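Written below as structure tokens is the structure these notes are about.
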Amino acid sequence: MDRLALLLVIIGALNWGLIGLFRFDLVAALFGGQGALVSRIIYSLVGLAGVYAISFLFRERERVR
């Protein structure tokens, strides 16, 4: 679950980077615009993954010996 959340957060970050630098929304371009159902689902999953990833900040790290 952690890796899936991290993958979705990375996808979202790359998409926002493209929007910020080039005004290009890759998700919208691939799936039919920002209002398309598939695009909205992907945006929602990325958002939920971001909320889930907040828990990474508060987890105890394992010590490697």
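Read the figures in this text as sums done on the coordinates, not as results from a lab. For clarity, every value in this text was computed on a predicted model and none was experimentally measured. Cβ placement follows ideal geometry from the backbone for every residue including glycine, while neighbour counts extend to all protein chains displayed.
Quick look at the values:
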read-out	value
Interatomic Cα distance distribution for the stretch 2-58, bins of 5 angstrom, percent	4, 21, 25, 24, 15, 7, 3, 0
Residue-wise HN-Hα coupling along the stretch 34-42, computed from phi with Karplus coefficients 6.51, -1.76, 1.60 (Hz; x: Gly, Pro)	5, x, 5, 4, 5, 4, 5, 5, 5
Total charge dipole magnitude, the chain, about the Cα centre, Cβ charges on Lys, Arg, Asp, Glu only, Debye to nearest 20	200 debye
Built amide H within the under 5 Å cut-off of ASP25, gap 5+	none
